[in-house]
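Here's the structure, in structure tokens; my notes come after.
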Amino acid sequence: MKLKLKYRFCLQLFAMALLLYSCSENETPISDTTDNQARLNFLIKTAPTNKALIHGDDGSFSSLALYIFNKADQHCEYSELIPEFTPQRLEEFSRSVNVSPQTKVIYAIANYNDPDKIFSVPVSPDLTLQQLESLTVSGNAFTDSNILMVGKKEVAINSEYVVAEVPMERLVARLDIYMFKNQGLESSSVVVNSIEFVNQILNTNSSPEVTSMPTPISKKNVSEVFLGGTTLQLMPSDLSEIVPENAHASFYTYRNIVPDATPDANTPYIRIKALFNGISYTYRGYLTDQGQTTHKYSLLHNTVYRVMAMLDHPDNQLIIKTTPYPWELTSSEIGQDITEDDYQLQPYNGDDTGATTGIVQFPYIANGEAHNETSYANYSFSLTAPAGAIWTATLTNGLDFTFGTDDGLNVSKGIARDEAYTIKIGATKRWSGNPKSTYFYITVGSVKLKINPKLSNGTRQFPGDNDTDILIRQTEYK
């Protein structure tokens with residue numbers, strides 16, 4: 001009997017050893033010591049709130065390096081390298097480990113295992129936090145499937161079970177170039193042969209917190225060539241089709257920080273070769289100098305730049321309007337409901353007559369002179385939250401009324417931001433003697449915003465009989 005008990009006990013010990021070994025294949029073995037009494041469950045998340053900004057595979061990862069450091073002494077309590085996920089790429093990944101009950105720093109690097117990337121120190125399980133934060137990386141090319149991402153999150157271990165989410169930041173910027181011709185070129189043939197991105201940056205500091213550029217800077221020029229040429233369409237009346245898959249060209253680059261307000265040899269710009277009615281022209285334009293007071297001419301990491309490029313003639317102009325969007329939105333901004341404090345519609349500059357009366361004319365008189373064009377109802381509209389929210393302006397009578405242009409762009413759609421948008425509404429046709437009208441409203445997520453509520457005196461700021469719709473009318477030219 002004693003022999004059987006001894007044999008059974010040995011089998012149990014062997015089984016436990018196998019269990020611990022199999023656990024170490026995926027994560028640090030669970031410790032039974034009093035130093036590791038807390039359980040940390042963390043989620044690595046790359047999918048942004050606004051998935052409309054994703055292009056190809058740049059919202060996912062195929063390899064992942066994970067580290068957990070004790071904040072006080074920077075001791076690494078856990079590390080794991082996952083060189084490949086099969087059979088598919090991931091947008092999020094979770095792991096649960098035992099840790100000691102002190103504040104931790106979670107550090108993650110996505111898409112590290114890529115032959116096009118060369119790190120200053122090879123990524124390995126025994127890297128220190130200081131080594132991770134001082135890494136630099138370089139390469140020769142970018143694709144949507146190898147975008148380098150880094151996540152860092154400080155987590156207080158203040159209970160036996162802690163859940164944390166680590167949002168990843170992309171270390172690149174993406175430029176989406178949309179090409180159009182001006183309305184005055186409706187009868188002209190405008191064909192683009194190539195779009196060149198000059199000063200693409202090929203190396204960077206891998207820590208998102210380090211905003212300086214490595215020395216020396218590695219850069220090159222990259223082109224999108226259109227065999228046979230691409231015929232340009234007129235600038236659209238709204239921006240609903242301005243989505244990444246419709247861009248004429250998309251380029252990636254590591255951040256390009258221009259230290260001064262004056263362009264230098266490293267400043268990014270685009271060069272366009274086009275044919276106007278068979279005659280060849282070359283255009284160039286800087287990307288981010290439209291009145292920016294900070295980061296002028298710079299391209300920042302984790303940002304998508306929507307570049308609206310319009311060719312004009314006979315002055316041979318290239319008009320560029322660039323709008324930056326945050327590629328990744330933090331978890332605290334997810335699921336936030338819109339409140340009436342998040343948006344505001346006002347007459348443009350506070351006193352626009354067309355907006356307050358709801359009346360537009362075509363033609364019209366201004367300062368005693370007749371103008372053979374439409375007058376507008378001009379509004380300033382701001383939607384500041386939640387981050388990533390898309391708003392859309394709609395006219396119920398799009399045949400007789402239209403949205404006017406602002407800086408060459410017809411604005412009827414936008415994303416939440418601090419800066420206000422200008423919305424212009426005018427008539428499309430001359431006065432015919434018959435009254436014409438339309439209602440104007442704004443929606444977010446198919447829900448109408450209360451842009452025309454009753455004021456404290458019982459009246460409304462704009463013409464209309466409800467909280468969400470504003471009445472616009474075309475009246476006789478006098």
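The values are calculated or read from the model by the stated rules, or taken from the named source; none is laboratory data. In this text the structure is predicted, and so the values were computed from the model without any measurement. Because the Cβ atoms are built from the backbone with ideal geometry, glycine has one as well, and the counts that use them run over all protein chains shown. We work out accessible area using only protein heavy atoms, side chains counted, and drop any ligands, DNA or RNA first. Shrake-Rupley method; radii C 1.70, N 1.55, O 1.52, S 1.80 Å.
A few remarks follow.
- Residue, farthest from Arg170 (Cα to Cα), within the range 102-136, restricted to residues that are charged (D, E, K, R) and either touching a residue at least 60 places away in the same chain (Cβ under 8 Å) or outside any loop (DSSP other than H, G, I, E, B) (or both): Lys104
- Within the range 75-93, residues that are without any contact (Cβ under 8 Å) to a residue 24 or more places away in the chain reach partners that are in a strand (DSSP E or B) with beta carbons closer than 9 Å, at six or more positions or on different chains, in the pairs His75/Phe69; Ile82/Leu64; Ile82/Ala65; Ile82/Leu66; Ile82/Phe93.
- In the range 299-310, the residues that are on the phi > 0 side of the Ramachandran plot and of a type outside the set (Ser, Thr, Tyr) reach residues that are open to solvent by less than 10 Å² (accessible area, probe 1.4 Å) and part of a strand (DSSP E or B) with C-beta atoms within less than 9 angstrom, at least six apart or across chains, in these pairs: Asn302/Met149; Asn302/Arg170; Asn302/Val172; Asn302/Ala173.
- Every listed requirement among (1) in a strand (DSSP E or B); (2) over 20 Å from Val307 (Cα atoms); (3) open to solvent by less than 20 Å² (accessible area, probe 1.4 Å) is met by Asn452 save one, (1).
- Top-ranked residue of the range 416-447 - restricted to ones that are closer than 14 Å to Arg473 by Cβ, assigned to a strand (DSSP E or B) and hydroxyl-bearing (Ser, Thr, Tyr), ranked as most open to solvent (accessible area, probe 1.4 Å): Tyr439
- Among the residues listed as Glu245, Glu209, Glu241, the single one being in a helix (DSSP H, G or I) and not polar (S, T, N, Q): Glu245
- Residue match in the range 203-215 (condition: within 30 Å of Lys153 (Cα to Cα) and without any contact (Cβ under 8 Å) to a residue 12 or more places away in the chain): yes
- Tyr283 meets the stated requirement of being among the hydroxyl-bearing types (Ser, Thr, Tyr), more than 30 Å from Glu133 (Cα to Cα) and open to solvent by less than 20 Å² (accessible area, probe 1.4 Å).
- Restricting the range 361-384 to residues that are surrounded by fewer than 17 Cβ atoms within 10 Å (Cβ to Cβ) and small (Gly, Ala, Ser), the residue that is farthest from Asn434 (Cα to Cα) is Gly368.
- Taken over the range 255-277, the criterion of being buried (at least 20 other Cβ atoms within 10 Å of the Cβ) and touching a Gly at 6+ places or on another chain (Cβ under 9 Å) is satisfied by Ile270, Ile272, Ala274.
- Residues that are crowded, with 18+ Cβ neighbours inside 10 Å and either β-branched (Val, Ile, Thr) or under 18 Å from Glu165 (Cβ atoms) (or both), drawn from the range 48-64: Pro48, Thr49, Asn50, Ile54, Gly59, Ser60, Phe61, Leu64
- Check on Leu81, among the hydrophobic types (A, V, I, L, M, F, W, C), at pLDDT 90 or above, farther than 26 Å from Tyr325 by Cα and surrounded by 11 or more Cβ atoms within 10 Å (Cβ to Cβ): yes
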